[in-house]
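K.L.:
Can you keep this structure in mind? I'll have questions shortly.
The values are calculated or read from the model by the stated rules, or taken from the named source; none is laboratory data. Every value quoted in this text rests on a predicted model; they were computed, and no experiment measured them. Cβ coordinates were reconstructed from backbone atoms using ideal geometry, including for glycine residues, and neighbour counts include every protein chain displayed.
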Amino acid sequence: MSLAALFFYLFAGVAVASAFMVIASRNPVHSVLFLILTFVNASGLFILIGAEYLAMLLVVVYVGAVAVLFLFVVMMLDVDFVELRQGFLQYLPVGGLVGFIFLAELVLVVGSWSFGQGVTGAVVAPAPGVSNAVQIGRVLYTDYVYFFQAAGLVLLVAMIGAIVLTLRHKENVKRQSIPVQNARTKAMAIDVVKVPSGKGL
Amino acid sequence: MTLTLAALGPALPELLLAISAILLLLFGAFVGPRSTDTVNGLALAALFAALVLVILGPAQASLFNGAFQVDAYSRFLKVLALIGAGGALAMSVDWLKIEKQARFEYAILVLLSTLGMMMLISAGDLIALYIGLELMSLALYVIAANNRDSVRSTEAGLKYFVLGALSSGMFLYGASLIYGFTGSINFAQIAEVAREPSLGLIFGIVFTFAGLCFKVSAVPFHMWTPDVYEGAPTPVTTFFAAAPKIAAMAVFVRFALEALPHVAHQWQQIVVFVSIASMALGSFAAIGQRNLKRLMAYSSIGHMGFALVGLAAGTEQGVRGVLIYLTVYMAMTLGTFACILSMRRKDGMVENYDELAGLARTSPVKAFFLAALMFSLAGIPPLAGFLAKYYVFLAAIEAGMYTLAVIGVLTSVVGAFYYLRIVKVMYFDEPAPAFEPMPSELRAVLAVAGLFTLLFFVYPGPILSAAGAAARALF
């Protein structure tokens with residue numbers, strides 16, 4: 001067995017095992033940590049097939065940002081996961097049936113795997129001496145500019161949605177206004193009071 | 001290959017909508033809540049301008065390596081989607097203001113959702129289809145929860161979001177299978193490769209169709225519809241019923257016929273089943289509903305079933321039937337919701353159909369138009385709803401699908417019961433207290449929709465020929 005195959009089985013095995021632990025572990029914080037382990041292993045798999053840019057992206061975006069954000073949410077929210085699992089046994093037969101059907105379908109699909117006529121021709125080997133990032137950059141803003149811009153609009157909608165649904169303008173809240181702070185003069189800030197001697201303010 | 005600005009001409013309506021949405025967002029963010037009226041007005045103007053640009057635009061074009069298709073088909077459906085979105089937005093402005101739910105983001109989200117619909121209608125490959133679908137749906141999830149102080153509205157938004165995400169996942173899984181087994185994401189290239197059905201391709205078809213059936217709310221992927229329609233604010237429900245259904249059905253038909261024409265006998269079974277199940281559920285489940293919004297949800301499930309009869313036929317006649325059906329469906333939906341939106345008493349909105357009791361005596365004109373719409377929804381000749389059903393069933397019979405056509409006619413007889421019950425309540429029951437006077441924009445929409453359904457049979461020529469030309473573009 002070559003070294004690459006050894007690493008493939010290592011990464012793939014750990015990824016599947018930790019993905020299972022994500023749903024199996026009782027403590028939600030452990031779940032998120034296992035999720036991070038899954039991502040790291042997946043990025044290892046990407047490196048094995050020579051997609052180092054995607055591997056780094058996975059680590060930076062998913063591990064660095066998304067999973068950490070997840071961790072914060074899990075720690076901040078008081079979600080009773082034991083209570084959430086109460087109906088587990090009740091739904092097990094139906095869920096198990098659906099899962100079994102999915103598994104059977106996957107086996108059937110993988111068992112009958114044969115590439116279409118166009119596939120083997122369409123797969124282009126990476127040009128030597130050009131890094132992944134350059135190659136993605138070359139098509140992302142030319143051939144795929146429509147998808148790139150449209151995906152940007154989807155993100156814009158997500159941002160508007162998050163603000164619309166959560167931002168509340170409350171009355172009676174003191175807000176910081178930097179221009180007002182900067183424009184303060186001595187006259188506005190200090191009030192000189194002549195205090196008669198022998199009396200308090 | 002460099003892309004010049006002039007080459008983007010065919011996508012001008014979409015560019016206009018995207019740019020105006022972004023500019024209005026900036027305007028609203030800087031001016032604050034008092035910009036709501038201006039933003040609403042400008043958003044309506046942008047929808048109208050996009051409509052004009054779609055009509056004046058080129059008849060045939062393909063952009064971005066075939067990801068964006070402009071043809072007679074896309075033009076016909078874009079006009080429909082824009083009219084539906086514009087009508088729904090115009091009807092919602094006053095209502096939201098009275099209910100104190102008005103905010104400037106609403107119109108912008110409607111604009112962006114409409115943009116998603118137009119991208120969906122023009123989609124020529126799987127990525128464009130998916131992004132269009134997400135852009136449309138994401139904005140819809142947000143406006144379903146527009147009334148965030150109401151538990152029902154929030155629940156509607158969350159339910160729609162979770163189930164929508166699930167259906168997107170199914171669609172993506174199917175799309176990846178289709179890509180894996182055909183080696184292409186472009187519809188035309190998929191059609192070239194997919195001449196023989198393979199197991200993987202069939203699974204891909206099943207999963208993509210499941211995702212698309214969710215978006216058109218066809219049985220068995222309809223569960224969300226009644227709850228979301230009832231929970232969302234009524235103008236939002238109007239928008240849901242009018243515009244996104246049309247775009248989703250449009251891309252369903254285009255995907256089935258452009259990408260998978262050679263394996264039609266594989267997906268026809270799915271469409272026939274979904275169509276029969278939707279027609280049956282739409283007819284039977286609506287009988288027990290008292291809430292008009294829920295009733296309209298079941299009615300829309302049933303109508304999507306009828307429209308799918310045309311797709312099941314898989315012929316040019318069938319597609320023409322689908323297009324005519326969608327046109328008539330949109331008019332009837334907008335008209336009916338104009339009535340539901342005007343069911344306001346002094347102490348607030350009412351939504352149950354028995355509140356319409358004796359409407360014929362309190363406001364006879366409105367009752368007359370609503371009765372016409374109900375007769376048309378039930379499919380009683382010679383109204384528009386009858387002609388729409390006639391063309392889809394005719395296509396099914398010409399394609400030799402007699403069972404499907406017979407079941408369709410039978411379910412439409414069952415469905416007639418609850419439409420006619422509303423007419424009976426309006427004309428023969430003791431009058432309930434009168435409603436507040438109807439705002440002028442609702443009057444206008446109701447009058448146009450009512451006259452359209454009443455008089456469609458007198459001069460159906462232009463719409464029939466436009467639908468025929470649009471259907472030819474797919475074959």
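K.L.:
Restricting attention to the stretch B:182-217, and to residues there that are within 11 Å of another protein chain (Cβ to nearest Cβ), buried (at least 23 other Cβ atoms within 10 Å of the Cβ) and in contact with a Ser or Thr (Cβ under 6 Å, 6 or more places away or on another chain), which single residue is modelled with the lowest pLDDT?
P.N.:
Looking at the filtered set, the residue picked out is B:Ala194.
K.L.:
Could you go through the stretch A:8-31 and let me know if any residue there is outside any helix (DSSP H, G or I), within 22 Å of the chain's Cα centre (by Cα) and exposed (fewer than 14 other Cβ atoms within 10 Å of the Cβ).
P.N.:
Looking through the stretch A:8-31, at least one residue is outside any helix (DSSP H, G or I), within 22 Å of the chain's Cα centre (by Cα) and exposed (fewer than 14 other Cβ atoms within 10 Å of the Cβ).
K.L.:
A further question follows. Among the listed residues B:Ala139, B:Ala156, which satisfies the condition of being within 18 Å of A:Gly152 (Cα to Cα) and crowded, with 23+ Cβ neighbours inside 10 Å?
P.N.:
Answer to the selection: B:Ala139.
K.L.:
Out of the residues in the stretch B:67-92 that are assigned to a helix (DSSP H, G or I) and among the aromatic types (Phe, Trp, Tyr), which is surrounded by the fewest Cβ atoms within 10 Å (Cβ to Cβ)?
P.N.:
B:Phe76
K.L.:
Among the residues of the stretch B:32-54, is any more than 26 Å from B:Pro233 (Cβ to Cβ) and either in contact (Cβ under 8 Å) with a residue 40 or more places away in the chain or within 11 Å of another protein chain (Cβ to nearest Cβ) (or both)?
P.N.:
Within the stretch B:32-54, one or more residues are more than 26 Å from B:Pro233 (Cβ to Cβ) and either in contact (Cβ under 8 Å) with a residue 40 or more places away in the chain or within 11 Å of another protein chain (Cβ to nearest Cβ) (or both).
K.L.:
So which residues in the stretch A:156-179 are loosely packed, with under 10 Cβ neighbours inside 10 Å, within 14 Å of chain B (Cβ to nearest Cβ) and among the aliphatic types (A, V, I, L, M), if there are any at all?
P.N.:
The one that is loosely packed, with under 10 Cβ neighbours inside 10 Å, within 14 Å of chain B (Cβ to nearest Cβ) and among the aliphatic types (A, V, I, L, M): A:Leu167.
K.L.:
What residue, of B:Leu281, B:Leu260, B:Leu308, B:Leu292, is of a type outside the set (Ser, Thr, Tyr) and under 24 Å from B:Phe68 (Cβ atoms)?
P.N.:
Result of the check over B:Leu281, B:Leu260, B:Leu308, B:Leu292: B:Leu260.
K.L.:
Report, ordered by the first and then the second residue, all pairs with beta carbons closer than 6 Å, sequence separation of six or more or different chains, a first member in the stretch B:247-268 that is closer than 21 Å to B:Gly305 by Cβ, and a second member that is charged (D, E, K, R).
P.N.:
B:Ala248/B:Lys215
K.L.:
Could I ask something else about it? Taking the stretch B:142-153, which residues are farther than 18 Å from A:Leu153 by Cα and facing chain A (nearest Cβ under 9 Å)?
P.N.:
Those that are farther than 18 Å from A:Leu153 by Cα and facing chain A (nearest Cβ under 9 Å): B:Ala145, B:Asn146, B:Arg148.
K.L.:
For the condition part of a helix (DSSP H, G or I) and either more than 18 Å from B:Met296 (Cα to Cα) or modelled with pLDDT under 90 (or both), what is the one hit in B:Ala434, B:Ala371, B:Ala466, B:Ala449?
P.N.:
B:Ala466
K.L.:
Turning to a different aspect of this structure: Looking only at the stretch B:364-385, how many residues end up being in contact (Cβ under 8 Å) with a residue 40 or more places away in the chain and surrounded by 19 or more Cβ atoms within 10 Å (Cβ to Cβ)?
P.N.:
Here the count works out to 15.
K.L.:
Looking at the stretch B:103-119, is at least one residue more than 14 Å from chain A (Cβ to nearest Cβ) and more than 18 Å from B:Leu44 (Cβ to Cβ)?
P.N.:
no
K.L.:
Sort through A:Leu97, A:Leu69, A:Leu89, A:Leu103 and tell me the only one that's surrounded by 11 or more Cβ atoms within 10 Å (Cβ to Cβ) and either modelled with pLDDT of 85 or more or not in a loop (DSSP other than H, G, I, E, B) (or both).
P.N.:
The match here is A:Leu69.
K.L.:
Just to be sure before I move on: is B:Val228 within 30 Å of B:Gly348 (Cα to Cα), in contact with a Phe, Trp or Tyr (Cβ under 9 Å, 6 or more places away or on another chain) and either at pLDDT below 90 or of a type in the set (Val, Ile, Thr) (or both) in the structure I sent?
P.N.:
So B:Val228 passes the test.
K.L.:
Only one residue in B:Leu140, B:Leu135, B:Leu120, B:Leu129 is closer than 16 Å to B:Val216 by Cα, without any contact (Cβ under 8 Å) to a residue 24 or more places away in the chain and not polar (S, T, N, Q), so which one is that?
P.N.:
B:Leu135
K.L.:
Would you point out the residue of the stretch B:164-181, among those that are more than 30 Å from B:Lys97 (Cα to Cα) and within 20 Å of the chain's Cα centre (by Cα), that is surrounded by the most Cβ atoms within 10 Å (Cβ to Cβ)?
P.N.:
It comes out as B:Phe171.
K.L.:
Restricting the search to the stretch B:1-31, which residues are within 11 Å of another protein chain (Cβ to nearest Cβ) and more than 18 Å from B:Leu82 (Cβ to Cβ)?
P.N.:
B:Met1, B:Thr2, B:Leu3, B:Leu8, B:Ile22, B:Leu25, B:Gly28, B:Ala29
K.L.:
Also: If we scan the stretch A:52-64, do we find a residue that is within 17 Å of the chain's Cα centre (by Cα) and farther than 28 Å from A:Ile136 by Cα?
P.N.:
no
K.L.:
Determine which single condition A:Ser112 fails, assuming it passes every other condition in (1) more than 14 Å from chain B (Cβ to nearest Cβ); (2) at pLDDT below 85.
P.N.:
Failed condition: (1).
K.L.:
With the condition kept exactly as written, say whether any residue in the stretch B:16-24 is surrounded by 15 or more Cβ atoms within 10 Å (Cβ to Cβ) and without any contact (Cβ under 8 Å) to a residue 60 or more places away in the chain.
P.N.:
Yes, the stretch B:16-24 contains at least one residue that is surrounded by 15 or more Cβ atoms within 10 Å (Cβ to Cβ) and without any contact (Cβ under 8 Å) to a residue 60 or more places away in the chain.
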